[in-house]
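All of the numbers you see were taken from the coordinates with simple rules; none came from a lab. Since the structure is predicted, the reported quantities are computational estimates derived from the model, not experimental observations. A quick note on method: Cβ atoms are made from the backbone with ideal geometry, for glycine too, and the neighbour counts reach across all protein chains shown.
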Amino acid sequence: MSRDDGKLLATAMGAATAGAALAVMAMKMIDGSKDQSGKGGGESAYNNSGGSVLAYHQGDKRPVRTSVIMNDPSDLHESISHGSMNMKREASDAMLFPHNHEEKMRRRIATRYTIEEENNLGRDSVTVRVPATSANVGPGYDCIGIAVDLWSEVTVSRVPNGDTVGFEITAEGEGAEAMPKDESNYLVVGCKAAFETANKPLPPLKYHVVSRIPYARGLGSSSAAIVAGIVAGLVLAGHRLPCWGSEALLQIAAGIEGHPDNVAPVIYGGIQLGIHNGTRWLTERISNPPGLQCIIFIPDFIGKTSDARGVLDNTVTREEAAFNIGRAAFLVHAFETNNLDNLRWGVQDKLHQPQRGGKLYKYLYPMIEAAEKAGACCAYLSGAGPTVMALTSGAAGDIFAQREKERTDILVAKAMIQCAKDHGVDGKLLVTNVVSEGCRVTHVDPPFSTGEITYRDNI
């Protein structure tokens, strides 16, 4: 045996000995705590007042090993009693795994006692940027939505002293003339909800909208307005909301909208899958395959959500329900595995697209067929319509520096335009992509940035 082998063997034996000693010490501590608790295996050997680190199932002797967060002083306390060390846990006894982000965040926040009070003061003016969204994506009725790289900006300001106009909504861009200019505007509704949440009265405000999201076309203009109003109101009121474990912003927005398919991607960006668990709204991000592009045909006419919902049946058959369940699962799986060939099967639907295509949008299924035949991964009715969205692949970096033949967006766009002409539908074609970022503040007065800390865009 060489000298190096001897050193390695000695190190291994030392480590094994130390491990065995620690294990014996731990077992003695557990046995000692069992004796002190005076409880057998038929009852819990753990209580909130402090007991064994090892708990037991009711009526069973199998142990429940509660996890310990290393290096977190708020989670585990050490105390010396009768010459021995007892490990005492706080009341929160939930198992903690690597994916338990909300519980980790709760415990992290519990250790923080200082807040930057200056950032909780109300602001005089704020500008918020919000993305367009494409909901349903075929079978994901009222639960799946995609954030699209197409943005509107909203500036909300307190009415200055001496202003004789008071409350006012001004707008420019897409749908500016058709946009409501009174308190029925979702911007105002969202802002009111924010101030109510902050338990503060709503002051007189001025709203200015730079709209790039087509109004009432199935691209989430109402959801964008709701979220923009809430975020602007929170900043003006100087109020912050909890996210981890409650997603309070989502609760307010989905409560106004009635479903999370648009508001979730407006808030968080990306592709979102939202549900209501009986207590609150939940949403999770679905993977966004690289190189995905959105080819969007936007008709010139308005499609009212109320009209689009009015053509739907009040009941569905078992066969229709099973069809959509399978397609929604297939859709999510295709996104998660980057299997883009399966998207065309995943976006198929029987709950709303056939009804809307048959009664409202005669061009829908011919356009879907034309887009897929030209090379699209899939195509579907965006939201309640009338917009049709196709997804293509192959984009790499800036598309204007890439050879067109490596992508299919141009061919798909031309096919969709030709289909619209064949059906006598006027509109425009937009090529963009899925955006991973959601709503964000771009300007605020007074600013959040200080001499020591500068936020993005010097906000």
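Of note:
- Charge dipole (Cα centre; +1 on Lys/Arg Cβ, -1 on Asp/Glu Cβ; no other charges) of region 148-195 amounts to roughly 280 debye.
- The alpha-carbon positions of region 355-405 define a convex hull whose volume is 87 Å³ per residue.
- Of the peptides 448-459, 358-369, 173-184, the order by per-residue mean of other Cβ atoms within 10 Å, starting with the highest, comes out as 358-369, 173-184, 448-459.
- Per the Debye formula on identical point scatterers at the alpha carbon atoms of region 292-433, with no solvent, log10 I(q)/I(0) at q = 0.11, 0.12, 0.15 Å⁻¹ is -0.42, -0.50, -0.77.
- Overall, region 292-433 carries a charge dipole of about 200 debye about its Cα centre when +1 sits on the Cβ of Lys and Arg and -1 on the Cβ of Asp and Glu, all other atoms neutral.
- Taking the alpha carbon gyration tensor of region 270-355, multiplying each eigenvalue by 5 and rooting it gives semi-axes of 23, 19, 16 Å, largest first.
- Annotation: peptides 370-380, 407-417, ranked by per-residue average of other Cβ atoms within 10 Å with the highest first, follow the order 370-380, 407-417.
- More than 25 angstrom apart: percent of Cα pairs within region 122-223: 27
- Two-decimal log10 I(q)/I(0) for region 116-178, as the Debye equation yields it once each C-alpha is a single scatterer, q = 0.18, 0.23, 0.29 Å⁻¹: -0.90, -1.04, -1.20
- Protection proxy ranking for 239-245, 262-268, using the average of other Cβ atoms within 10 Å per residue and placing the highest first: 262-268, 239-245.
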